[in-house]
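To start, the structure under review is shown below, and the notes come after it.
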Amino acid sequence: MNGPRGIPFVVSAPSGTGKTTVCRAVVERDGQVEFSISHTTRPRRQGEEDGVHYYFVSAEAFAETVAAGGFVEHAEYAGNQYGTSWASIDGPLAAGRDLLLEVEVQGARQLRSRRDDARLVFLLPPSWEALESRLRGRGTDSEDAIGKRLETAHVELAAVHQFDYAIVNEDAAEATDALLAIIHAERSGSTGEVRERFDRARVVEGLKGILPIPGRS
Ligand code: 5GP
């Protein structure tokens, strides 16, 4: 195939930032971008379909794929394994379709170092209070579990420094527009304006004192 290749857009955010809502809205609004389907060992939740939301596999099958070098990135998160297979991204990218890879931060780091074509976007909550109240608002987790997620969120926030772009998700519709603007700019090759608007250093600076983002390590 000789057309332009698709671009893998990697999106990460601390749990409770509203990443899934924004990513779904982007895929709905832009017919040229689709979700990459990950493999996971976590149990299927109600409403999830194998081969649609994830490929749900056993720990043994996952380990075999790791050993065979079948994953472009993989990581453990909350006791389960998650990974993006080469097979799941090669076809769409070669066919010129852009991909949205919704991964946690360790996976994003691996993609950063293994794929020159990856564009990394970090979604930030507007404040620590907003993150806390979103996590509590789900009403599904115990105080203990919420505490653990907040601890993890603190570590995850530090990863923002390795991303190309940062978007503050104060309002899901605006964050969706922002992510679409980045995708369209990268696709057209003229990224000057979005690079400035969503420059991570600038966005992080703007959140100083509002969100506890650890410095560069
Ligand atoms: P959940 O279990 O809630 O669907 O996902 C838990 C976390 O794993 C989320 O941060 C999600 O973005 C991340 N995740 C989903 N798929 C992958 C993947 O293929 N690789 C990595 N590294 N993380 C993933």
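Can you tell me which condition ASN80 does not meet? The list is (1) within 15 Å of the ligand (Cβ to nearest atom); (2) within 30 Å of GLU186 (Cβ to Cβ), and all the others hold. Condition (2) is where ASN80 drops out.
Restricting attention to the range 149-178, which residues are in contact with a Leu (Cβ under 8 Å, 6 or more places away or on another chain) and open to solvent by less than 10 Å² (accessible area, probe 1.4 Å)? Across the range 149-178, the qualifying residues are ALA153, LEU157, VAL160, PHE163, TYR165, ALA166, ILE167, ASN169, ALA175.
Do the conditions hold for ARG97, that is, is it of a type in the set (Lys, Arg), over 26 Å from VAL203 (Cβ atoms) and either within 12 Å of the ligand (Cβ to nearest atom) or touching a strand residue (DSSP E or B) at 6+ places or on another chain (Cβ under 8 Å) (or both)?
Numbers: of a type in the set (Lys, Arg): yes; over 26 Å from VAL203 (Cβ atoms): yes; either within 12 Å of the ligand (Cβ to nearest atom) or touching a strand residue (DSSP E or B) at 6+ places or on another chain (Cβ under 8 Å) (or both): yes.
Taking the combined requirement at face value, the residue satisfies it.
State whether the residues of the range 121-134 include one that is of a type outside the set (Lys, Arg), open to solvent by 40 Å² or more (accessible area, probe 1.4 Å) and in contact with an Asp or Glu (Cβ under 9 Å, 6 or more places away or on another chain). Scanning the range 121-134 turns up no residue that is of a type outside the set (Lys, Arg), open to solvent by 40 Å² or more (accessible area, probe 1.4 Å) and in contact with an Asp or Glu (Cβ under 9 Å, 6 or more places away or on another chain). The residue list LEU111, LEU100 contains one member that is assigned to a strand (DSSP E or B) and buried (at least 18 other Cβ atoms within 10 Å of the Cβ), which is LEU100.
Do we have any residue at all in the range 53-73 that's closer than 18 Å to GLU156 by Cβ, within 13 Å of the ligand (Cβ to nearest atom) and touching a residue at least 24 places away in the same chain (Cβ under 8 Å)? If you could, list the steps in order and put the result at the bottom.
Keep residues of the range 53-73 that are closer than 18 Å to GLU156 by Cβ, which gives 73.
Okay, now just the ones that are also within 13 Å of the ligand (Cβ to nearest atom), so 73.
So of that shortlist, the ones also touching a residue at least 24 places away in the same chain (Cβ under 8 Å) come out as 73.
Within the range 53-73 (the criterion being closer than 18 Å to GLU156 by Cβ, within 13 Å of the ligand (Cβ to nearest atom) and touching a residue at least 24 places away in the same chain (Cβ under 8 Å)), the answer is yes, since at least one residue qualifies.
Pairs meeting the criteria (first residue in the range 119-131 and within 12 Å of LEU207 (Cβ to Cβ), second residue open to solvent by 20 Å² or more (accessible area, probe 1.4 Å) and part of a strand (DSSP E or B), beta carbons under 6 Å, at least 6 apart or on different chains) are LEU124/VAL168; PRO126/VAL168.
The values are calculated or read from the model by the stated rules, or taken from the named source; none is laboratory data. These numbers come from a predicted model, not from an experiment. Reconstructed Cβ throughout: ideal geometry from the backbone, glycine too, with neighbour counts over all protein chains shown. Accessible surface areas use protein heavy atoms only, side chains included; no ligands, DNA or RNA. Shrake-Rupley method; radii C 1.70, N 1.55, O 1.52, S 1.80 Å.
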